[in-house]
Amino acid sequence: MTALLTPARAARKRLLTVGHSFVRRANRLLPEAIKRASNGEWDVSVAAPSYYEGNPRFGDLTPESLVVGGDETVDVVGVPVMLSRRVHVALYGPALRGVMQSGFDAVHCWEEPFVLSCSQMARWAPRTAVLTVQTWQNIDKKYPPPFNWLERQVMARADGWIGGATLVEQALRERPGYRERPHRVMGFGVDAAHFRPQPAAAAQLRAQFGWADDGIHVIGYFGRFTEEKGLRLLMRVLDRLQSPWRALFVGGGLLDRDVRRWAERYGTNVKVIASVAHDDVPRYLGALDMLCVPSQTTATWREQFGRVLIEAFACGVCVVASDSGEIPHVVGDAGAIVSERDEEGWRLTLEGLLRDNVMRRDLAARGLHRAREHYTWSAIGAKYLEFITALERSRTALAKAGR
């Protein structure tokens, strides 16, 4: 914590980014990328929960404690958080307030503007600091009190906002509080040095599963085991395929028991893994011939991004996904998009790709190219830095003009 409270070195600008997701090392690649993009002009610090309980309903299977790696290039401080099982009402204590009021020029809040923790950050950010908030709400929802009051308060303080996806911008750009503020659309990135094709490691994993190198293709799913993620549709489609296949399901959630009961019918040809360490995810993705993302839109949810899409791209894996929410914008022409409710379309698409090695490899190659061109953390970090710097310069100019 000492480093975060030290005055800026050599008159550098100071950025603090705060959010519960930064408890995970992988998510802190964004602030590291922002720092690299600044070429020494900004010091970047991260405040994250020292412990975060999470909620199994949303796929957070185990509590997480903050672990800071020796190779991290940004200052990281852990702060206590209460009620972290429910992100909407999670609260930070005075430790975060002390950090936020230690001389930052810009604060980026990686929490939804309508939640209690974001409201805290809007109150605690220095009045002289630029405040940007992050949102992934791709449906124009009407929140009940007190969340609608919190959202208005946060947006009244914010200098700008960042939408995580194209549909977020479409949903919010005319919403009061948002339409008056500058904004940008910026999604997730992928660590291209870590997520990359690893054919030897993937072959070794298949061998561990007892899967022979016999030309039978592996279809996979990674993510939450919940209704809106389309697992029931995927299981029904797999039941109807005529070509031989194997399957790997990685994740957990409310449908865990249903998925495991279904998998039992296929013996060793279907593997269900509760969780995979982050370092091992590329190896597990690489063991697939196709990744399926069959997300299903509901009245209150549609796919916000689908980070596993770009992770599969980076690993050179063919992607088949539904048209829910942001997925078509993320995938572009680098994967097969199937209507989310079209079960027969899903069957025909998977059947065709199981039989057509050329098409499957072509889609995998397109995905790899798309990941490297559009979704590296370096590219995403540079976009964040450009927006935050522009807001900070604008605020500085207004201050000098006495406005």
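What to note about this one:
- Candidates 151, 72, 112 - the one that is on the phi < 0 side of the Ramachandran plot, without any contact (Cβ under 8 Å) to a residue 60 or more places away in the chain, of a type in the set (D, E, K, R) and surrounded by fewer than 18 Cβ atoms within 10 Å (Cβ to Cβ): 72
- Of all residues in the stretch 57-84 being modelled with pLDDT under 85 and charged (D, E, K, R), the one that is farthest from the chain's Cα centre (by Cα): 57
- Residue 370 being out of contact with any Cys (no Cβ under 6 Å at 6 or more places or on another chain) and surrounded by fewer than 17 Cβ atoms within 10 Å (Cβ to Cβ): no
- Note on the stretch 136-241: enclosed helices (runs of 4 or more DSSP H) holding 1 or more residues that are within 21 Å of residue 303 (Cα to Cα), in contact with a strand residue (DSSP E or B) (Cβ under 8 Å, 6 or more places away or on another chain) and modelled with pLDDT of 95 or more are 166-172, 231-240.
- Taking (1) outside the structural domain of residue 344 (by TED's automatic domain parsing); (2) more than 28 Å from residue 325 (Cα to Cα); (3) touching a Pro at 6+ places or on another chain (Cβ under 8 Å) in turn, residue 157 satisfies each apart from (3).
- Residues of the stretch 69-122 satisfying the condition of being closer than 20 Å to residue 14 by Cα, β-branched (Val, Ile, Thr) and part of a loop (DSSP other than H, G, I, E, B): 73, 74
- Residue within the stretch 328-337 that is under 18 Å from the mean Cα position of the chain (by Cα) and free of Cβ contacts under 8 Å to residues at least 12 places away in the same chain present: yes
- Contacts under 7 angstrom Cβ, first residue in the stretch 202-229 being under 13 Å from residue 287 (Cβ atoms), partner surrounded by 15 or more Cβ atoms within 10 Å (Cβ to Cβ) and of a type in the set (Ser, Thr, Tyr), 6 or more apart: 205/284
The values are calculated or read from the model by the stated rules, or taken from the named source; none is laboratory data. Remember, predicted model here, so these are calculated numbers, not experimental data. All Cβ positions, even for glycine, are placed from backbone atoms using ideal geometry, and neighbour counts span all protein chains on display.
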